[in-house]
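A quick write-up on the structure given underneath.
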Amino acid sequence: MKYKRLCLVTVVCIILCTLPACSGKSSDDRTLTVFNYSEYLDPDMLERFTEQTGIRIQYEEATTPEEMYTKYTTGAISYDLLCTSDYMIKRLIDEGEAQEIDFSALPNYSNIDDKIITLSKSFDKDNRYALPYFWGTVGILYNTGKVTAPVDSWNVLFDGEYSGEIIMQDSMRDSFMVALKALGYSLNTTDENEIREAAELLKKQKKDVASYLVDEARDELVAENAVMGVVYSGEAYLGNEYNSDLEYVIPKEGSNLWIDSWIVTKSCTDTDAARQFLDFLCEEDVANANFEYIYFSTPNKAVVDDMDEELKTNTAVVPTDESIENCEIYEALDPDTTNLYNELWKEIKSE
């Protein structure tokens with residue numbers, strides 16, 4: 001989820017050639033407006049795509065699914081392609097905001113792992129709308145030189161032993177997920193009592209939290225400004241690369257298994273250009289470049305097959321079936337439950 005990387009809200013336009021934008025009739029005057037999480041694609045690949053096809057990319061970024069959804073639905077910009085997280089993909093599909101993709105017209109789609117395609121059915125029932133891009137887990141990254149307690153449960157974040165040295169995700173569903181799992185509940189619960197109990201646990205914990213961050217959590221842990229934090233698996237791998245004392249664990253209660261995917265929006269008129277872009281992303285060398293840009297788990301099995309053993313056996317990079325056994329994929333919540341979450345999250349952050 002992953003609403004990754006290093007800024008709170010980034011909206012960046014990258015114009016990769018100087019020709020005027022239009023939904024034109026030749027490759028020389030075609031433009032795709034692409035919306036993605038921040039620093040979630042190697043910018044060199046955008047340039048390569050334009051060089052290969054002549055299709056310009058107007059590229060914009062956001063940080064969380066909620067921010068992305070809000071900006072998308074304002075209609076201020078007409079997006080052609082959008083990459084976001086599983087539950088938000090489901091919401092957009094249900095609201096009629098996605099066009100079906102003819103995957104048979106994407107030769108490189110065969111590189112996508114069937115396991116990830118099957119898992120995607122939890123939010124794209126018939127695999128008609130979403131192209132998997134990255135996937136992974138959420139867990140605890142902790143400093144083995146400073147944490148003496150066993151780190152195998154979410155409860156380590158709530159027992160007060162490491163007060164002031166904990167980083168939580170500045171993401172409503174991810175923080176609620178931690179509390180819900182610690183309490184033994186599903187991260188997709190719609191039970192009001194369970195959600196309120198999780199909110200109370202998060203309120204009680206707040207005095208122990210050094211910061212609520214997104215991907216900056218990794219940098220704070222690398223710099224040893226905190227001893228443990230909730231992070232995405234790809235951030236955990238890079239964290240360990242920068243500080244070998246950092247170790248990643250998926251707590252025994254289970255966690256979130258997330259899948260970020262691309263959709264073609266209903267407003268996209270140049271679906272052939274969109275198809276070319278999606279197939280380009282599935283090319284092995286392009287997918288590998290994007291993987292090496294952020295080190296999140298790739299669904300591209302051609303890339304995985306060519307990894308060295310150190311990477312291939314790292315569960316933060318290639319989660320095993322055993323490591324994700326108790327994990328759940330987020331589901332889109334009904335409006336009443338979403339409003340309850342929003343209300344309680346505001347209370348937590350404002351106290």
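Residues that are on the phi > 0 side of the Ramachandran plot and assigned to a helix (DSSP H, G or I) within the stretch 221-242 are absent altogether.
In the set ALA316, ALA332, only one residue is open to solvent by 20 Å² or more (accessible area, probe 1.4 Å) and touching a Phe, Trp or Tyr at 6+ places or on another chain (Cβ under 8 Å); that residue is ALA332. For TYR248, the stated conditions hold: it is assigned by TED's automatic domain parsing to the domain that holds GLY184 and within 21 Å of the chain's Cα centre (by Cα). Annotation: of all residues in the stretch 100-110 being part of a helix (DSSP H, G or I) and open to solvent by 30 Å² or more (accessible area, probe 1.4 Å), the one that is nearest to ASP272 (Cα to Cα) is ALA105. Considering each residue of the stretch 271-288 in turn, none proves to be surrounded by 17 or more Cβ atoms within 10 Å (Cβ to Cβ) and at pLDDT below 95. Of all residues in the stretch 257-282, those that are without any contact (Cβ under 8 Å) to a residue 40 or more places away in the chain have Cβ atoms under 9 Å from Cβ atoms of residues that are buried (at least 17 other Cβ atoms within 10 Å of the Cβ) and of a type in the set (D, E, K, R), 6 or more apart or on another chain, in ASP272/ARG30.
Taking the numbered list (1) open to solvent by 10 Å² or more (accessible area, probe 1.4 Å); (2) not in a helix (DSSP H, G or I) in turn, LYS349 passes all entries but (2). For the stretch 128-145, the condition holds for at least one residue, the condition being that it is β-branched (Val, Ile, Thr), under 21 Å from GLU220 (Cβ atoms), assigned by TED's automatic domain parsing to the domain that holds ASP334 and open to solvent by 10 Å² or more (accessible area, probe 1.4 Å). Please give the number of the condition ALA274 fails out of (1) over 16 Å from PHE35 (Cα atoms); (2) part of a helix (DSSP H, G or I). All conditions are met except number (1).
Just name the residue that is nearest to the chain's Cα centre (by Cα) out of those in the stretch 73-99 that are part of a helix (DSSP H, G or I) and over 20 Å from ASP174 (Cβ atoms). Only one residue fits best here, namely ILE93.
Does ALA289 satisfy the condition of being among the aliphatic types (A, V, I, L, M), more than 27 Å from ILE93 (Cα to Cα) and in contact with a Gly (Cβ under 8 Å, 6 or more places away or on another chain)? It is false that ALA289 is among the aliphatic types (A, V, I, L, M), more than 27 Å from ILE93 (Cα to Cα) and in contact with a Gly (Cβ under 8 Å, 6 or more places away or on another chain). When PHE134, PHE35, PHE49 are checked against the criterion of being outside any helix (DSSP H, G or I), touching a residue at least 12 places away in the same chain (Cβ under 8 Å), of a type in the set (Phe, Trp, Tyr) and more than 15 Å from VAL264 (Cα to Cα), PHE134 stands alone in meeting it.
Scanning the stretch 170-199 for residues being within 25 Å of ALA217 (Cα to Cα), polar (S, T, N, Q) and either assigned to a helix (DSSP H, G or I) or in contact with a helix residue (DSSP H, G or I) (Cβ under 6 Å, 6 or more places away or on another chain) (or both) gives a total of 1.
Check off (1) surrounded by 17 or more Cβ atoms within 10 Å (Cβ to Cβ); (2) at pLDDT 95 or above for ASP215 and give me the number that stays unchecked. Looking at each condition in turn, ASP215 falls short on (2).
In the stretch 304-335, which residues are part of a helix (DSSP H, G or I) and in contact (Cβ under 8 Å) with a residue 40 or more places away in the chain? Correct list: VAL304 only.
The values are calculated or read from the model by the stated rules, or taken from the named source; none is laboratory data. Predicted model only: the values in this text are computed from it and were never measured. Quick reminder, even Gly has a Cβ in these numbers, built from the backbone with ideal geometry, and neighbours come from all protein chains shown. The protein model used for the area step is the full one, side chains on, heavy atoms only, and it has no ligands, DNA or RNA in it. Shrake-Rupley method; radii C 1.70, N 1.55, O 1.52, S 1.80 Å.
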